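Participant: Below is the structure I would like to discuss, written out as structure tokens.
The values are calculated or read from the model by the stated rules, or taken from the named source; none is laboratory data. Keep in mind that this is a model prediction, so the values were computed, not measured. Using ideal geometry, Cβ is built from the backbone for each residue, glycine included, and neighbour counts are taken over all protein chains shown. Each accessible area value is taken on the protein alone, full model and side chains, heavy atoms only, with ligands, DNA and RNA left out. Shrake-Rupley method; radii C 1.70, N 1.55, O 1.52, S 1.80 Å.
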Amino acid sequence: MTPASISRPLVGDPFPEGFLFGGATAANQIEGAYDVGGKGLSVQDVLPEGDQSPPTEGPTAGNLKLDAIDHFHRYREDIALFAEMGFTVYRFSIAWSRIFPRGDEEEPNEAGLDFYARVLDELERHGIEPMVTISHYETPLHLARGYGGWGSRQLIGFFERYCRVLFERFGHRVRYWLTFNEINAVLEQPFMAGAIETPLEELDQQTLYQAVHHQLVASARATRLAREVAPNAQVGCMLLAMPIYPLTPDPADVLAAQQAEQINYAFGDVHCRGYYPQYLVNRLRRDGVELEITEQDRIDLRHTVDFVSFSYYISVCETADPERRVRGEGNFLGGVPNPALAASEWGWQIDPVGLRVVLNAYWDRWQKPLFIVENGVGAVDTVVQTDEGPTVLDDDRIDFLHDHLSQARKAIADGVDLRGFAAWGCIDLVSASTAQMSKRYGFIHVDRADDGTGTMRRLRKKSFHWYREVIASHGAVIG
Ligand code: BG6
């Protein structure tokens, strides 16, 4: 990816030419059809309550992800709605277990590949640039139960085989590829993000960081492979971004915040620099963790990413005072709540300025083009009748997205090379953390309730029309 033009806009200018606006989803949260077309089970098929309770033996009634929003059968209608909003980019994931149902087969499942070929046909028809997440919290279940998930080095080879198939089949059609969704989340979510079934409290740091290492090597190998097989592809890492502020100006809190932040930076540092940062090496050594890193691993890691993508929902605080270190609600990596911020209905603190902080920090640190591939707010929506028919008057969602886009625009004016914005859950989907339908993010309402009832009818919310204007004006309506 070449650096952006040197003429950057000033505050108040529109977003740069070529800036992509769109939305993002993940296969396990929208497709449903969990056992159709030869698909195997993924870790999500045994998580009926997201991360709120341990995995079940097999798929159980009440797991909303099994049917999700039936995008598998309705993708044409959904993509047409994205096109109506004017999306120029759509980020979705490929379900690994549709392509390799168990994960360790030699040959891919053609029916699974065919589904994504049809999705790409549809995007091409509407002129929407696809962005594909290769692994979005949906490792095949067999790799978790038969191999111990990413704790096993063998997964690197299985992942590489899967990537090769994707690049060979779709490399000429898809420019933007993301390796692992929120790769740093494995530290808190070993099963969902790392297919490791041992609960976090019982998991030793050695196994956890070895799994991290395997994912980092797999990500780098995917980048190397893309360059060989699909030279036009751009490969990015995907981080869970969450600025960590000191809870007070006490220098001990400032240091605690910096040290907590480093744990997250480490993932981007490896992806962008091609080796482990010294602070992580020292910390692991202090904790008695001895990673098994081969010479080949070190060579592989040198294949650095073309760009950095990330999700942004919340910021948190950190303190050196154990008595005040009380963890609040939040996405997969929580922290100490910020007394200056209000929170969503699910307790996620809302901090648009934090997005500008993240953008500047990432750009200064890595000097790689950035892409916001998730942002939004989960909220309860009520369908109301209006003269134009039923809709959802989701002004809070509009305000949330407006304020975040406004900060993104200011970051661009600060000098950040930001290439695009994909709103999370552009169509209502099943929540990752709670597995609820009622935690809605979309511009498009889907008639499905937490108890699984509903017609799956799609409805344009007020935010649908607002986002269409944002895109049509290329962001000029953002203050
Ligand atoms: C991110 C994940 O952590 O946050 C998504 O990449 C997820 O899969 C999103 O859906 C929002 O979180 P939740 O738990 O509200 O769905």
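Participant: Please state the shape class of the chain: rounded when a/c is under 1.5, otherwise prolate if a/b exceeds b/c and oblate if not, all from the C-alpha gyration tensor.
Facilitator: It is rounded, given that a/c, with a ≥ b ≥ c, falls under 1.5.
Participant: Can you tell me what share of the DSSP beta bridges in segment 3-472 is antiparallel? A percent to the nearest 5 is fine. Before the final figure, lay out the partial values.
Facilitator: Values: 11 of 47 bridges.
Roughly 25 percent of the beta bridges in segment 3-472 run antiparallel, per DSSP.
Participant: How much solvent-accessible surface does R302 expose, in Å² to the nearest 10, with a 1.4 Å probe and all protein chains in place?
Facilitator: 150
Participant: Can you bin segment 325-479 into rounded, prolate or oblate? Criterion: square roots of the alpha carbon gyration tensor eigenvalues sorted a ≥ b ≥ c, rounded for a/c under 1.5, prolate for a/b above b/c, oblate for the rest.
Facilitator: oblate
Participant: Provide the net charge surrounding V336, with neighbours chosen by a C-beta distance below 9 Å and charges set as Lys +1, Arg +1, Asp -1, Glu -1.
Facilitator: On the way: positive: R324, R325, R327; negative: E318.
Summing Lys/Arg as +1 and Asp/Glu as -1 gives +2.
Participant: I would also like to ask the following. Across the chain, how many lysine pairs separated by 8 or more positions, or lying on different chains, have Cα atoms within less than 25 Å? All intermediate terms of the calculation are to be shown ahead of the outcome.
Facilitator: Working: K39/K65; K65/K439; K65/K461; K368/K410; K439/K461; K439/K462.
Final tally of qualifying lysine pairs is 6.
Participant: With a length cut of 18 Å (Cα positions projected on each helix's long axis) and a Kyte-Doolittle mean of at least -1.0, go through the chain and give me the DSSP H helices that pass.
Facilitator: 71-85, 110-125, 154-170, 205-229, 251-273, 352-366, 395-414
Participant: Considering only N331, V470, Q349, whose Cα is most displaced toward the positive end of the charge dipole of the chain, charges sitting on Cβ of Lys, Arg (+1) and Asp, Glu (-1)?
Facilitator: Ranked along the dipole, the leading option is V470.
Participant: At 1.4 Å probe size, with every protein chain present, just tell me what the per residue accessible area of the chain comes to in Å².
Facilitator: For the chain, the solvent-accessible area averages 38 Å² per residue.
Participant: Which whole-number percent is the relative contact order of the chain (Cα, under 8 Å, 6+ apart)?
Facilitator: Working: 1009 pairs, mean separation 87.3, N = 479.
Value for the chain: 18 percent.
Participant: Report in % the part of the accessible area of the chain that belongs to carbon and sulfur, leaving out ligands and nucleic acids; probe 1.4 Å.
Facilitator: Here carbon and sulfur together make up 50 percent of the probe-accessible area.
Participant: Okay, next question. Quick check: net charge around E84, other residues with Cβ under 14 Å of its Cβ, Lys/Arg +1 and Asp/Glu -1? List each step's numbers first, then the result.
Facilitator: Details: positive: R76, R125, R458, R460, K461, R468; negative: E77, D78, E122, E469.
Here the count lands on +2.
Participant: Then there is this: So, by mean Cβ neighbours within 10 angstrom, what's the order for 373-379, 250-256 with the highest one leading?
Facilitator: Packing order, densest peptide first, comes out as 373-379, 250-256.
Participant: Please compute the contact order of segment 309-451 in relative form: average sequence separation of alpha-carbon pairs under 8 Å and at least six residues apart, divided by the residue count, as a percent.
Facilitator: 23
Participant: Classify segment 126-281 as rounded, prolate or oblate, taking a ≥ b ≥ c as the square roots of the eigenvalues of its Cα gyration tensor: rounded when a/c is under 1.5, otherwise prolate if a/b is larger than b/c and oblate if not.
Facilitator: Values: a/c = 2.13, a/b = 1.41, b/c = 1.50.
It comes out oblate by the Cα gyration axes.
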